[in-house]
Amino acid sequence: MDVPAGAEPRLAGCSLGPPTPEPDPAVSPPSSSRAARTPAPPWARFSAWLECVCVVTFDLELGQALELVYPSDFRLTDKEKSSICYLSFPDSHSGCLGDTQFSFRIRQSGAPRSPWHSENSPYNSRAPVWLQRESAHYFGYVYFRQVKDSSVQRGYFQKSLVLVSRLPFVRLFQALLRLVAPEFFDKLTPCLEAVCNEIDQWPAPWPGRTLNLPVMGVVLQVHIPIRVDQPEASPLRQCSHENLLPAPVILASIHELDLFRCLQPLLTLMQTLWELMLLGEPLVILAPSPALSSEMVLALTSCLRPLKFCCDYRPYFTIHDRDLPKQVKLKKPSRLKTLDTKPGLYTAYRAHLHRDKVLLKRLLKGMQKQRPLDVQSALLRRHLLELTQSFIFPLEHYMTSLMPLQRSITPWKMPPKIRPFRQDDFLRSLERGGPQLTCLLQGDWLGLYRRFFKSPHFDGWYRQRHKEMARKLEALHLEAICEADIQAWRKGRSEVEVVDLVLKLREKLVRAQVHQLPVKEETLRRVQLYMQTITSSLPKDLQGLLCPP
């Protein structure tokens, strides 16, 4: 479907039909903490997983209304409340009898609520980029129930339980809602308070750990992937709690949807869809329900792993969504004549790469032999992963060549800068080190890279890699200082120069702690020892200024 360039949302899902905190150090797993422990604030453990829990009901006069927010002291802006209310009910829910689950994503309005949502939080520094905590958006995970009820004036019970979080743990929170929501609809507020208090006892989400999360007599066992893990579903590692009663319910993944089930109607179009995602082209998903639209959007945004999806996306939106520009009008293609059209892709975009017929044959053969869906999903996900890695590998190789040589890093000078990324130089390097070395797909790779340079994903990837390389440079500079002869440098230096060095070393130590630089603890201890050695050679009055009692 044609959408004006630059229109938002970049990727969004809608239903068709007529409208009717980063964990505090005190609650983090044991680690080599570089900061003093402080008492955990109220609801610190709860905030590590969820911002709040909302209950949305249907009011005869107001329509969708926010009935409850828990914890009660969590503050939502009026715009956030309005968005949550509208997005927690299907746009056309006349056919949604029973229970429905879906998800949405909204932009936060107002100032940040908590200090542990910063970009440099311990969780984000260890988590894969696609699982990092959102700093500017909320995810809403919805469990909507609509059943006939003669005691209600409208004749229907209509209510949604919504988990609001900054974490994209869709599989975990869907499973949690399936446990909690049916019980809540029967017992209401007391049940919700008990569940929130249980969540407030959970260990913080810590990448690399397997955690046991008790709730309502059930233990959910989950593994939080770490950045060095393979992007596929990571195997569960041995948990420290054994002989649990009851036996834990093991979730194979906290975030991965059944990719094959979500994308099965569009398998022959996967190559084009992957390119549209890679290039950040605007795309609108039309589906008969928010459950289908939200799963489809989340499945498509996951196709770029290990790249992070850097465009704006909305798993579900309604006609009341305040973030859609009023001037944006969707042009209905002539081929799309009815709302009951067959699944397909309606676009003027032409793919740069040829279709992978080998993959299609394997998946179709698997359907004929009734291969398990999880195996089919694993095949599809591995193909997309290898395709993305083949595309990114030349970029990574070229970016590495821009890093200054380690021998050029000297202790008493500022570290050299990373050389600039020159697109023409990179494109010339593809002749001898392009994606054709690891991928059999033929096509216009050069044209695909040129368009990729204009996309938000290139900007996001480059900023992330440049930041990582800059952190590595800082770490190497600290190591160079540790290997230097401080006493030899000290000879003939004025007191002003010595004091300046102490202040600069102190600044580097603070940066290493705040920005989680990849520096060994031994290196940090040696820098502190150097500072003490240099400071002790100064007069007592200067020592008192640099090291106050």
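Before moving on, here are some points about what is shown:
- Some residue of the stretch 154-170 being open to solvent by 40 Å² or more (accessible area, probe 1.4 Å), at pLDDT below 90, not hydrophobic (A, V, I, L, M, F, W, C) and not in a helix (DSSP H, G or I): yes
Conditions tested, residue by residue: (1) of a type in the set (A, V, I, L, M, F, W, C); (2) within 14 Å of LEU259 (Cβ to Cβ); (3) surrounded by fewer than 15 Cβ atoms within 10 Å (Cβ to Cβ); (4) at pLDDT below 95.
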{"site": "ARG381", "(1), (2), (3), (4)": "no, yes, no, yes"}
{"site": "GLN406", "(1), (2), (3), (4)": "no, no, yes, yes"}
{"site": "PRO415", "(1), (2), (3), (4)": "no, no, no, yes"}
{"site": "PHE421", "(1), (2), (3), (4)": "yes, no, no, no"}
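- The residues of the stretch 457-516 that are over 30 Å from LEU304 (Cβ atoms), open to solvent by less than 60 Å² (accessible area, probe 1.4 Å) and charged (D, E, K, R), listed by number, are GLU479, ARG490, LYS508.
- Residue in the stretch 306-316 that is nearest to ARG381 (Cα to Cα), counting only those that are assigned to a loop (DSSP other than H, G, I, E, B) and open to solvent by less than 30 Å² (accessible area, probe 1.4 Å): LEU307
- Among the residues of the stretch 235-291, those that are at pLDDT below 90, assigned to a loop (DSSP other than H, G, I, E, B) and open to solvent by less than 30 Å² (accessible area, probe 1.4 Å) comprise CYS239, SER289.
- Test: residue in the stretch 410-427 that is hydroxyl-bearing (Ser, Thr, Tyr) and assigned to a helix (DSSP H, G or I): no
- Breaking point among (1) at pLDDT 75 or above; (2) more than 17 Å from LYS413 (Cβ to Cβ), for ASP500: (2)
- Of the residues screened, PHE452 is not one that is within 30 Å of LYS508 (Cα to Cα) and modelled with pLDDT of 95 or more.
- The stretch 178-195 - residue that is within 14 Å of ARG145 (Cα to Cα), surrounded by 17 or more Cβ atoms within 10 Å (Cβ to Cβ) and touching a helix residue (DSSP H, G or I) at 6+ places or on another chain (Cβ under 8 Å) and, of those, modelled with the highest pLDDT: VAL180
- Pairs, first under 14 Å from PRO71 (Cα atoms) in the stretch 157-172, second part of a strand (DSSP E or B) and among the small types (Gly, Ala, Ser), C-beta under 9 Å, six or more apart: VAL162/GLY140; LEU163/GLY140; VAL164/GLY140; SER165/GLY140
- The set of residues in the stretch 447-456 that are within 14 Å of HIS354 (Cα to Cα) and surrounded by 13 or more Cβ atoms within 10 Å (Cβ to Cβ) contains only LEU448.
Each row is one residue, and each column tells you yes or no for (1) among the basic types (Lys, Arg); (2) under 30 Å from GLY433 (Cα atoms); (3) out of contact with any Cys (no Cβ under 8 Å at 6 or more places or on another chain).
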site	(1), (2), (3)
GLY344	no, no, yes
TYR349	no, yes, yes
HIS352	no, yes, yes
ARG362	yes, yes, yes
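- Restricted to the stretch 328-374, and to residues there that are modelled with pLDDT under 85 and of a type in the set (Gly, Ala, Ser), the residue that is surrounded by the most Cβ atoms within 10 Å (Cβ to Cβ) is GLY344.
The values are calculated or read from the model by the stated rules, or taken from the named source; none is laboratory data. Every value quoted in this text rests on a predicted model; they were computed, and no experiment measured them. Backbone-built Cβ (ideal geometry, glycine too); neighbour counts: all protein chains shown. The accessibility values were calculated without ligands, DNA or RNA, using every heavy atom of the protein model including side chains. Shrake-Rupley method; radii C 1.70, N 1.55, O 1.52, S 1.80 Å.
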